[in-house]
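Working notes for the structure below.
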Amino acid sequence: MPENAPETDIIPTHLAVIMDGNGRWAKARGRPRAFGHRRGVEAVRSTVKSAGDMGIKHLTLFSFSTENWSRPPEEVGALFALMRRYVEADLKSLHERGVRIRIIGRREDLEDDLQTIITNAEEMTRDNDLFNLTIAFNYGGRDEILRAARKLAEAGVRGELDPATMNDGDLAARLDTHDLPDVDLLVRTSGEQRISNFMLWQAAYAEMVFLDVLWPDFSAKHLQGALDQYRIRSRRYGGVDVGAA
């Protein structure tokens with residue numbers, strides 16, 4: 001980011017969301033956690049539409065983390081089934097609306113059919129540019145940085161890069177998000193106030209908003225409230241406001 005970067009724009013270019021609270025939402029209704037995840041997909045659909053309508057160009061959703069493998073097998077299976085169902089059910093309409101789909105995270109752990117679904121969705125929408133939807137699935141920020149660092153080290157061993165001149169741009173170019181702008185606004189639902197290993201590199205200067213609403217209840221009203229908070233922030237990128245003492 002250049003020196004003396006301007007204060008917050010009215011609308012963030014890149015919004016990232018930690019979709020938290022599906023399990024608690026279901027438990028409060030006496031239902032299994034998978035029921036909350038299914039309802040959470042409806043909030044995903046609503047948020048994708050609302051973000052586009054509000055002028056946001058990039059939306060990244062944290063769907064399944066590398067740490068989520070420790071959850072009960074039936075819940076993990078339900079989350080994988082939802083990923084398949086969402087992409088297959090919504091791909092055609094998202095493509096027609098000019099949405100480009102990216103899936104970031106470690107793919108080698110995923111079943112072959114899911115890898116094929118992901119690849120097909122990315123290939124079909126590759127040339128779309130009206131809205132960018134990125135889904136972080138089997139994703140962890142530390143894992144992403146480690147994988148990028150390995151690629152950087154391998155390039156150094158091959159003599160393609162001089163270790164003495166490597167910079168943060170060289171590493172950023174090897175991240176899953178190499179063709180995306182940094183995160184401007186990171187929102188987490190459910191009242192928890194932590195980022196849980198999400199977008200550690202990309203959110204270095206992001207504004208953060210933590211909302212008490214559980215994800216299945218997240219609506220355009222809550223998104224607008226987060227944008228209202230973002231709008232009054234002053235983004236200094238390590239500097240100071242002009243005229244500050």
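The values are calculated or read from the model by the stated rules, or taken from the named source; none is laboratory data. These numbers were taken from a predicted model, which means no experiment stands behind them. All Cβ positions, glycine included, derive from the backbone under ideal geometry; neighbour counts span all protein chains shown.
Things to note:
- All of Ala206, Ala172, Ala153, Ala220 fail the test of being of a type in the set (Gly, Ala, Ser) and farther than 22 Å from Val17 by Cα, apart from Ala153.
- Glu160 vs. criteria under 16 Å from Arg102 (Cβ atoms) and not in a strand (DSSP E or B): no
- In region 199-225, residue surrounded by the fewest Cβ atoms within 10 Å (Cβ to Cβ) [restricted to those that are of a type in the set (D, E, K, R) and part of a helix (DSSP H, G or I)]: Lys221
- Long-range neighbours under 9 Å by Cβ, at least six apart or interchain, first residue more than 15 Å from Leu223 (Cβ to Cβ) and part of a loop (DSSP other than H, G, I, E, B) within region 183-198, second charged (D, E, K, R) and modelled with pLDDT under 95: Ser196/Glu67; Asn197/Glu67
- Taking the criterion of being closer than 27 Å to Lys27 by Cα and under 17 Å from the mean Cα position of the chain (by Cα), the residues of region 83-106 that qualify are Met83, Tyr86, Val87.
- Of residues in region 18-66 being basic (Lys, Arg) and assigned to a loop (DSSP other than H, G, I, E, B), the one nearest to the chain's Cα centre (by Cα): Lys57
- Matching residues, region 9-53, being among the acidic types (Asp, Glu) and surrounded by fewer than 16 Cβ atoms within 10 Å (Cβ to Cβ): Asp9, Glu42, Asp53
- Taken over region 202-222, the residue count meeting the criterion of being within 15 Å of Thr13 (Cβ to Cβ) and touching a strand residue (DSSP E or B) at 6+ places or on another chain (Cβ under 9 Å) is 4.
- Residue count for region 95-127, restricted to those that are out of contact with any Leu (no Cβ under 8 Å at 6 or more places or on another chain), within 15 Å of Thr60 (Cβ to Cβ) and surrounded by 15 or more Cβ atoms within 10 Å (Cβ to Cβ): 3
- Residue within region 54-72 that is loosely packed, with under 14 Cβ neighbours inside 10 Å, in contact (Cβ under 8 Å) with a residue 40 or more places away in the chain and under 20 Å from Thr177 (Cβ atoms) present: yes
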